[in-house]
Amino acid sequence: MELPADPTRYARQHRLALAMVCTTLVLIAFGAMVTSTGSGMAFADWPRADGEWMPERALSTLDGFLEHFHRIIAAIVGLMMLILLVWAGRAAADQPWLRRLLIGGLALVVTQGLFGGIGVLLELPVFTSATHGVLAQVTLATFTVILFPCRPAAPSRRSSTRTSCARPASGSGSVSSRSSCRRPSAPSRATPWCPTTTRCGATWSTRSPCSCC
């Protein structure tokens, strides 16, 4: 697995992937409440509920609310995965492994939704219910893996904390052959100490603050 050379390449896609993972957690929580309250058969039809896209019982009864909004959140997660596949997949033209991972994430969402819907039509047999639950965990794990190649890299602090030590130019009239090291101002709360290791010419010093020369 080769990460992108540009750390900001998928910065915007990373935000969408993070939101998708959080939404998936909410989806799994709703699914757990549907199972624990026995609301899986609140509506006997699928993909509609009582023949409607927004039935009245979805807002008037607890089992109807849990089951119907569980379906709505699942549809939102699938839509987010589709957008991420198109958006990040185009940017990952030179990274086929990432595109395959995105396609696999979308396939998992679709498969999980189909098992959930078929389970409702078959009155929740054990096989479809168990497969639906297992796929939920696999889907969440896959979405979490997608976060890593899309995450922006943390800014490096090496260039901002290393002390600059430069050798004086030849013929400058300096009586000393040692390298010159810039001495920082006195440390304060707003100004950190010099690094404890600085390079002056060919030697290394561990004095702090920087006074190697």
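Just so it is clear, none of the values below were taken in a lab; they were calculated from the coordinates. Values in this document were obtained by computation on a predicted structure and should not be read as measured data. Cβ sites come from the backbone with ideal geometry, for glycine too, and all protein chains shown count toward neighbours.
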Original post:
Taking 0.36 nm per residue of separation and subtracting the Cα-Cα distance, what length does fully extending VAL145 through SER60 add?
Top reply: 26.8 nm
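Set the Förster distance to 22 Å, then compute FRET efficiency between CYS22 and THR111 from the Cβ-Cβ distance, nearest 0.05. Write out the running numbers ahead of the final one.
On the way: r = 22 Å, r/R0 = 0.98.
In this case the efficiency is close to 0.55.
Of the GluC sites (Glu not before Pro) in segment 16-102, which ones lie in a loop per DSSP and count no more than 12 other C-beta atoms within 10 Å?
Numbers: sites: GLU52, GLU56, GLU67; in loops: GLU56.
Those that pass, being in a loop and sparsely packed, are GLU56.
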Original post:
What is the list of residues in segment 24-47 whose amide nitrogen lies under 14 Å from a point 7 angstrom out from the Cα of PHE127, following Cα to Cβ?
Top reply: none
Original post:
Remind me, relative contact order of segment 11-150 in percent, using alpha carbon pairs under 8 angstrom and six or more residues apart?
Top reply: 31
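Hey, what does the equivalent ellipsoid look like for segment 11-150, semi-axes from the Cα gyration tensor as sqrt of 5 times each eigenvalue, largest first, whole Å?
30, 15, 13
What net charge is computed for the residues neighbouring LEU84, neighbours being all others with C-beta under 12 Å from the C-beta of LEU84, Lys and Arg scored +1, Asp and Glu -1? List each step's numbers first, then the result.
On the way: positive: ARG12, ARG15, ARG90, ARG99; negative: none.
Spelling it out: positives minus negatives among the neighbours equals +4.
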**OP:** Using the charge dipole of segment 11-150 (Lys, Arg: +1 at Cβ; Asp, Glu: -1 at Cβ; taken about the Cα centre), state which of PHE115, LEU147, GLY31 has its Cα farthest towards the positive end.
**Re:** LEU147
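Within the set of other residues whose C-beta is less than 15 Å from the C-beta of THR142, count the net charge using Lys and Arg as +1 and Asp and Glu as -1. Spell out each step's value before the answer.
Numbers: positive: ARG99, ARG100; negative: none.
It works out to a net charge of +2.
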